[in-house]
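Below is one structure, written out as structure tokens; comments come after it.
Computed from the coordinates by the stated procedures, all read-outs in this text should not be read as laboratory data. Keep in mind it's a predicted model, so treat the numbers as computed, not measured. Cβ coordinates were reconstructed from backbone atoms using ideal geometry, including for glycine residues, and neighbour counts include every protein chain displayed.
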Amino acid sequence: MRIEAMAGKAASKQASLVGFETEDVLYLLPLVTLFDGVAPFLVAASIGAPLFAMWVVIDYRQVLRRLQPNSPTF
């Protein structure tokens with residue numbers, strides 16, 4: 001939300017592939033449950049969620065750097 005407030009809606013746009021956005025993976029949950037894939041899905045989520053969080057932090061810092069090129073960011 002902060003990125004959108006600072007740099008506009010285009011800066012916070014989610015990546016998409018063939019019309020599907022990142023959050024659309026949630027539509028797979030019924031299939032994962034139906035085909036008994038909950039354990040592998042949780043392992044993938046426990047690896048993917050921290051990686052995505054780091055990506056968001058890096059993206060946030062890049063937006064800050066672009067908006068304030070003369071001031072240091074921490």
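Points worth noting:
- With R₀ fixed at 22 Å, the C-beta to C-beta distance from LEU29 to LEU51 puts the FRET efficiency at about 0.65.
- The modelled label-to-label distance for the pair GLU21/VAL43, using points 7 Å beyond Cα in the direction of Cβ, is 3.1 nm.
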